[in-house]
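To keep things clear, I will list the structure first and then write my remarks on it.
The values are calculated or read from the model by the stated rules, or taken from the named source; none is laboratory data. This structure is a prediction, so every number in the text was calculated from the model and none was measured. Reconstructed Cβ throughout: ideal geometry from the backbone, glycine too, with neighbour counts over all protein chains shown.
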Amino acid sequence: MSLKMDDPDVYQAIQSEVIREKYTLNMIASENYASPAVIEAQANVLTNKYAEGYPGRRYYGGCEYADIVEELAIDRAKKLFGAEYVNVQPHSGSQANMAVYFSFLKPGDTILGMDLSHGGHLSHGSRVSFSGSFFDSVAYGLEQGSQIIDFTQVSDLAKKHRPKIIIAGASAYPRTIDFEKFQDIASSVDAYLMADIAHIAGLVAADLHPSPVGVADFITSTTHKTLRGPRGGLVLAKEQYGAKLDKGVFPGIQGGPLMQIIAGKAVAFAEALKPEFRAYQQQVINNARALAEGLTASGFELVTGGTDNHLLLIDLTSRGISGAEAEIALGRAGIVVNKNVIPFDKKGPKVTSGLRLGSPALTTRGMKEKEMKVIADLVGKVLEKPSDEKNIEKVKGIVLELCRTFPIYEHLEQKEGWQPHIVVS
Ligand code: DSN
């Protein structure tokens with residue numbers, strides 16, 4: 001019995017994904033390579049188990065081992081972040097945010113979050129998300145010149161609109177976020193503060209970015225970005241909010257928790273408690289800086305001029321190429337990135353004037369500053385002549401060499417008996 005025999009179509013698609021991940025450079029800032037232990041923890045019989053409720057107070061029998069798994073995840077997350085209360089059940093970052101809003105706000109209340117087009121997230125109040133349709137959302141942005149968060153605007157909007165909650169956090173912001181400043185503003189208008197640390201959770205856990213724990217009322221996150229765990233969500237808070245948040249997650253917005261994912265979270269939190277994790281996060285930052293320096297040396301303009309964290313944004317406005325075109329050209333060379341709007345972008349989200357690049361996944365492969373300089377140079381070469389196939393093939397050769405020198409998931413590649421959809425030359 002095996003997936004390969006029972007369902008060769010799904011098996012082949014998964015194997016092709018293994019090949020794609022092994023032989024391309026993943027520079028998507030929100031992605032990473034979870035460890036074999038995290039992946040194993042998610043692929044097992046825990047997927048069978050209904051465990052609605054919380055450890056020791058479930059609505060189903062047979063939850064004794066589910067309880068152990070969830071308690072391990074909660075205890076480890078508390079230790080990792082120094083948090084009083086943790087909920088590991090949200091299926092995603094958006095659902096972690098939804099759980100906070102629905103626990104403490106009423107439909108029609110005002111929320112103040114970062115503008116999606118300035119680096120915020122859909123669930124921070126965008127009109128196309130539940131956050132912008134259930135709530136009256138107001139958005140703050142970045143200062144035009146420095147492209148850093150405009151705290152004068154945050155404060156002015158808070159005073160004018162008296163939001164019930166202010167959201168600090170971003171999906172595409174390359175600089176340190178001053179949570180204390182946000183808290184001062186939230187306190188001044190009697191609003192809750194929610195810090196969404198989905199992108200920077202690994203840096204926060206490693207003490208390499210100021211932590212909002214003990215500052216913000218609620219902290220939400222995903223577990224799969226810099227934190228390098230399974231795909232999922234997380235809520236941290238002060239103990240006083242615990243009972244309401246527990247109800248807000250279940251039965252408020254979710255049914256049964258995904259126990260196999262919670263097992264993966266427990267494993268990832270234990271990994272993040274090891275000293276090697278801090279060294280990894282330091283290298284993530286060093287690599288993002290090296291990448292920024294390399295790109296600047298190749299003549300690229302970067303939003304804010306550089307980075308303090310794991311990601312950077314290239315402003316392509318002066319290069320005569322859109323983010324969408326650049327993403328496709330780089331993809332053909334085996335460099336996987338995503339187009340991204342930049343602050344005050346004149347192009348829409350399907351075209352964009354920017355690219356978002358991150359270092360977490362490449363750093364997991366063991367790459368360091370030297371490789372970042374080489375990769376910055378390759379990005380420059382592709383975007384110099386995005387339609388020159390010969391040039392792209394040449395770059396692809398160097399990309400493959402880098403991937404072979406810094407291998408990943410060696411144990412997952414099936415060398416015989418199947419045909420990959422992706423041909424590696
Ligand atoms: N889609 C994620 C990102 O790429 O940043 C945020 O949810």
Exercise for review: Give me the pairs, please: first residue somewhere in region 377-393 and touching a residue at least 12 places away in the same chain (Cβ under 8 Å) and more than 16 Å from residue 324 (Cβ to Cβ), second residue anywhere and assigned to a loop (DSSP other than H, G, I, E, B) and polar (S, T, N, Q), beta-carbon distance under 7 Å, and either six or more positions apart or on two chains.
Suggested key: 377/298; 380/298
Point to revise | Residue under evaluation residue 257, criteria (1) more than 17 Å from the chain's Cα centre (by Cα); (2) surrounded by fewer than 24 Cβ atoms within 10 Å (Cβ to Cβ), criterion not met | key: (2)
Check your understanding: Can you tell me which of 327, 276, 271 is closer than 28 Å to residue 409 by Cα and without any contact (Cβ under 8 Å) to a residue 12 or more places away in the chain?
Key -> 276
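Residues 284, 337: which one is within 30 Å of residue 37 (Cα to Cα) and surrounded by fewer than 24 Cβ atoms within 10 Å (Cβ to Cβ)?
That would be 337, the only listed residue that is within 30 Å of residue 37 (Cα to Cα) and surrounded by fewer than 24 Cβ atoms within 10 Å (Cβ to Cβ).
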Review point. How many residues are of a type in the set (Gly, Ala, Ser) and out of contact with any helix residue (DSSP H, G or I) (no Cβ under 8 Å at 6 or more places or on another chain) when one looks only at region 257-287?
Key: 1
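Of the residues that make up region 5-25, is at least one away from the ligand (no atom under 16 Å from the Cβ), touching a strand residue (DSSP E or B) at 6+ places or on another chain (Cβ under 7 Å), of a type in the set (A, V, I, L, M) and under 30 Å from residue 376 (Cβ atoms)?
Looking for residues that are away from the ligand (no atom under 16 Å from the Cβ), touching a strand residue (DSSP E or B) at 6+ places or on another chain (Cβ under 7 Å), of a type in the set (A, V, I, L, M) and under 30 Å from residue 376 (Cβ atoms), one finds at least one in region 5-25, hence yes.
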**Study point:** Residue, nearest to residue 279 (Cα to Cα), within region 343-354, restricted to residues that are buried (at least 17 other Cβ atoms within 10 Å of the Cβ) and not acidic (Asp, Glu)
**Key:** 354
Check your understanding: Can we say residue 42 is modelled with pLDDT under 95 and crowded, with 16+ Cβ neighbours inside 10 Å?
Key -> no
Check your understanding: If you go through region 355-370 one residue at a time, how many are without any contact (Cβ under 8 Å) to a residue 60 or more places away in the chain and crowded, with 20+ Cβ neighbours inside 10 Å?
Key -> 1
Exercise for review: Return a yes/no flag: does region 279-295 have any residue that is over 21 Å from residue 382 (Cα atoms) and among the basic types (Lys, Arg).
Suggested key: no
Practice item. Among the numbered conditions (1) at positive phi; (2) away from the ligand (no atom under 16 Å from the Cβ), tell me where residue 149 comes up short. Key: (1)
Point to revise | Test result for residue 221, touching a residue at least 24 places away in the same chain (Cβ under 8 Å), surrounded by fewer than 24 Cβ atoms within 10 Å (Cβ to Cβ) and either of a type in the set (Ser, Thr, Tyr) or within 14 Å of the ligand (Cβ to nearest atom) (or both) | key: no
Check your understanding: Of the residues in region 214-246, how many are under 21 Å from residue 66 (Cα atoms), touching a Ser or Thr at 6+ places or on another chain (Cβ under 7 Å) and part of a helix (DSSP H, G or I)?
Key -> 1
